[in-house]
Amino acid sequence: MKIMKTALITGATSGIGEATAHSFAKKGFRLILTGRRPDRLNSTADLLKNEYAVEVVTLEFDVRNRQETETAISSIPCDFKAIDILVNNAGLAVGLSHIQDGDIDDWDRMIDTNIKGLLYVTRAVAPLMVTKGGGHIVNVGSIAGREVYENGGVYCATKHAVDALSKSMRTDMLANGIKVTNVCPGATETEFSTVRFKGDRERAKKVYEGYQALTANDIAEIITYIVTLPEHICINDILIMPSAQANAVKFNKIQT
Ligand code: NDP
Ligand code: 8X3
């Protein structure tokens with residue numbers, strides 16, 4: 001009998017998280033999808049149930065809220081609690097500014113979501129993996145976790161933290177049979193830049209003009225490859241860039 005994997009994906013209402021939900025559903029995984037927008041969670045869940053006949057549970061919570069996070073994870077139905085894969089994807093950049101001019105509310109949102117939120121979810125899910133004797137945690141880092149760029153200091157710091165936490169988790173949970181992968185995308189066209197520019201879609205669109213950015217689906221397929229490798233293989237760390245991107249700031253753009 002084929003053993004079905006159960007995966008929890010944070011930030012499954014959009015972009016990389018939503019695409020990963022589709023890619024996992026194609027493999028027949030049982031899904032726990034999370035995010036703050038219930039309409040999107042429900043429509044994705046309905047679509048995946050109809051299209052791939054997979055079981056889907058949705059959890060609406062804000063990863064910044066420790067109590068909400070703990071309550072949501074503990075409400076997962078018993079038969080879904082043996083989680084094989086956790087994709088810590090929920091995250092965001094807000095604003096672009098020099099440190100000396102930075103908006104401290106923006107900093108709080110990034111730190112609370114990208115670092116503390118990832119930790120709250122992991123602290124709630126990892127013990128379930130320890131109990132079942134294994135699992136795979138995929139943290140969505142970034143090129144911003146490898147380099148820093150002007151005006152992006154706090155976002156870059158949060159993604160450097162994801163890099164450090166991925167290494168720590170891999171060390172701490174090695175004896176528990178838990179694999180940890182840090183997936184670091186470069187420019188990927190999602191709602192990311194619209195969020196960074198606080199709803200300014202025109203400005204966001206310009207980020208991806210003149211070259212072929214990665215799609216959410218590109219990253220989702222890579223995550224799916226990583227979590228379906230044989231048990232004895234772990235991709236610890238992977239950096240994925242559009243062919244037209246050399247580093248955080250250098251792009252080969254066609255001038256229009
Ligand atoms: P999107 O904005 O399209 O998706 C972000 C997801 O995160 C949404 O589903 C959103 O759900 C969720 N999220 C944000 N804040 C919270 C919160 N407080 N609580 C719960 N969920 C939250 O962007 P991407 O798909 O691009 O981003 C996914 C990850 O990829 C992020 O960690 C980002 O930093 C990273 N990344 C993105 C790159 C890019 O170029 N796009 C490159 C490198 C890394 P909701 O609003 O419903 O809560
Ligand atoms: C998102 C990519 O280059 O805007 O992590 O930081 S970048």
TODO: Please find, among VAL207, VAL195, the residue that is within 19 Å of LEU96 (Cα to Cα), without any contact (Cβ under 8 Å) to a residue 40 or more places away in the chain, among the β-branched types (Val, Ile, Thr) and within 12 Å of ligand 2 (Cβ to nearest atom).
DONE: VAL207
Open item on the list: Can you tell me how many residues within the range 67-86 are within 14 Å of ligand 1 (Cβ to nearest atom) and buried (at least 17 other Cβ atoms within 10 Å of the Cβ)?
Closed with: 4
Open item on the list: Among the numbered criteria (1) closer than 24 Å to ASP103 by Cα; (2) in a helix (DSSP H, G or I); (3) open to solvent by 10 Å² or more (accessible area, probe 1.4 Å), which one does GLU147 miss?
Closed with: (2)
- [ ] Give me the pairs, please: first residue somewhere in the range 160-187 and on the phi > 0 side of the Ramachandran plot, second residue anywhere and away from ligand 2 (no atom under 16 Å from the Cβ), beta-carbon distance under 6 Å, and either six or more positions apart or on two chains.
- [x] GLY177/GLY133; GLY177/GLY134
Open item on the list: Which count do you get for residues in the range 8-45 that are part of a strand (DSSP E or B), of a type in the set (A, V, I, L, M) and more than 13 Å from ligand 1 (Cβ to nearest atom)?
Closed with: 2
Task: Filter result for GLY102 (over 25 Å from THR181 (Cα atoms), in contact with a Gly (Cβ under 8 Å, 6 or more places away or on another chain) and modelled with pLDDT of 95 or more) - done: yes
TODO: Scan VAL63, VAL57 and give me the residue that is more than 8 Å from ligand 1 (Cβ to nearest atom) and aliphatic (A, V, I, L, M).
DONE: VAL57
Open item on the list: Kindly evaluate ILE115 against the criterion of being crowded, with 18+ Cβ neighbours inside 10 Å, closer than 26 Å to ALA144 by Cα and away from ligand 1 (no atom under 13 Å from the Cβ).
Closed with: no
Task: ARG64, sole failed condition from (1) over 22 Å from LEU119 (Cβ atoms); (2) open to solvent by 20 Å² or more (accessible area, probe 1.4 Å) - done: (1)
Task: Flag for ASP62 being free of Cβ contacts under 8 Å to residues at least 24 places away in the same chain and of a type outside the set (Lys, Arg) - done: no
Task: Any chance ASP62 is in a loop (DSSP other than H, G, I, E, B), away from ligand 2 (no atom under 16 Å from the Cβ), over 16 Å from ALA126 (Cβ atoms) and out of contact with any Phe, Trp or Tyr (no Cβ under 8 Å at 6 or more places or on another chain) - done: yes
Task: Residue check for MET173: open to solvent by 20 Å² or more (accessible area, probe 1.4 Å) and at pLDDT 95 or above - done: yes
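The values are calculated or read from the model by the stated rules, or taken from the named source; none is laboratory data. Bear in mind that the values here come from a model prediction, so they are computed numbers and not experimental data. Every residue, glycine among them, receives a Cβ derived from its backbone with ideal geometry; neighbour counts consider all protein chains shown. Surface areas here come from the heavy atoms of the whole protein model, side chains and all, with no ligands, DNA or RNA. Shrake-Rupley method; radii C 1.70, N 1.55, O 1.52, S 1.80 Å.
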